[in-house]
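**Q** One structure, as structure tokens, below. Some questions next.
Just so it is clear, none of the values below were taken in a lab; they were calculated from the coordinates. Here the structure is a predicted model, which is why all the values come from computation and not from measurement. All Cβ positions, glycine included, derive from the backbone under ideal geometry; neighbour counts span all protein chains shown.
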Amino acid sequence: MKKYDHPTPILHSMRRLGLIISVAGLIVLLNACVSSQSPPTQAIWAAEAAINQADRARVNEYAAAELLQARDILNRANLAISENKMKRAGQLAKQSQVTAQLALVRAELVKAQVVNAEMAKSITQLAQEIQRNQREKL
């Protein structure tokens with residue numbers, strides 16, 4: 001049996017094949033990691049639920065701009081999903097949810113301010129009525 005100082009052509013080919021298989025496996029693994037990001041369906045559903053809740057609360061009457069913005073952001077999230085940008089889609093979906101919740105809170109604030117103004121007006125009218133009644137008694 002003869003010893004070789006340099007690898008035989010077969011040994012060289014096998015090493016080369018092993019290297020090629022290793023690199024190919026690494027590429028497949030990396031592609032699987034990148035493409036396996038699943039769509040942020042939970043975040044999308046949460047955003048849709050927040051928008052629907054705002055619709056049911058008739059937020060459009062008091063915070064239309066915020067509700068429109070929430071819908072726009074949700075549309076951008078869905079577009080990001082179609083472009084396979086799952087991380088961005090998740091961020092946009094969460095932003096849409098928070099914006100819809102903001103619209104709901106703002107609408108509740110405006111409603112409360114309207115009720116407060118009506119109560120203040122009623123109190124003023126009541127105070128005037130009491131003063132009139134007291135003057136009439138004198």
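**Q** Kindly rank 70-76, 100-106, 120-126, 56-62 from highest to lowest mean number of other beta carbons found within 10 Å of each residue. The partial results should precede the final answer.
**A** Details: 70-76: 18.9, 100-106: 21.0, 120-126: 10.0, 56-62: 15.1.
In decreasing order of mean packing, 70-76, 100-106, 120-126, 56-62 become 100-106, 70-76, 56-62, 120-126.
**Q** Peptides 127-133, 41-47: what's the order by average Cβ count within 10 Å, highest mean first?
**A** Values: 127-133: 9.9, 41-47: 17.3.
Those peptides, ordered most packed to least, come out 41-47, 127-133.
**Q** Follow-up question, since we're still on this one. Compute the relative contact order of the range 71-136 as a whole-number percentage, counting only Cα pairs closer than 8 Å that sit 6 or more residues apart in sequence.
**A** On the way: 23 pairs, mean separation 15.4, N = 66.
It comes to 23 percent, rounded to a whole number.
**Q** Now, a different point. In nm, to one decimal, how far is the Val110 label point from the Ile123 one, both placed 7 Å along Cα→Cβ?
**A** 2.4
**Q** Quick one: order Glu83, Glu66, Glu108 by neighbouring beta-carbon count within 10 Å, fewest to most.
**A** With the fewest neighbours first, Glu83, Glu66, Glu108 line up as Glu83, Glu108, Glu66.
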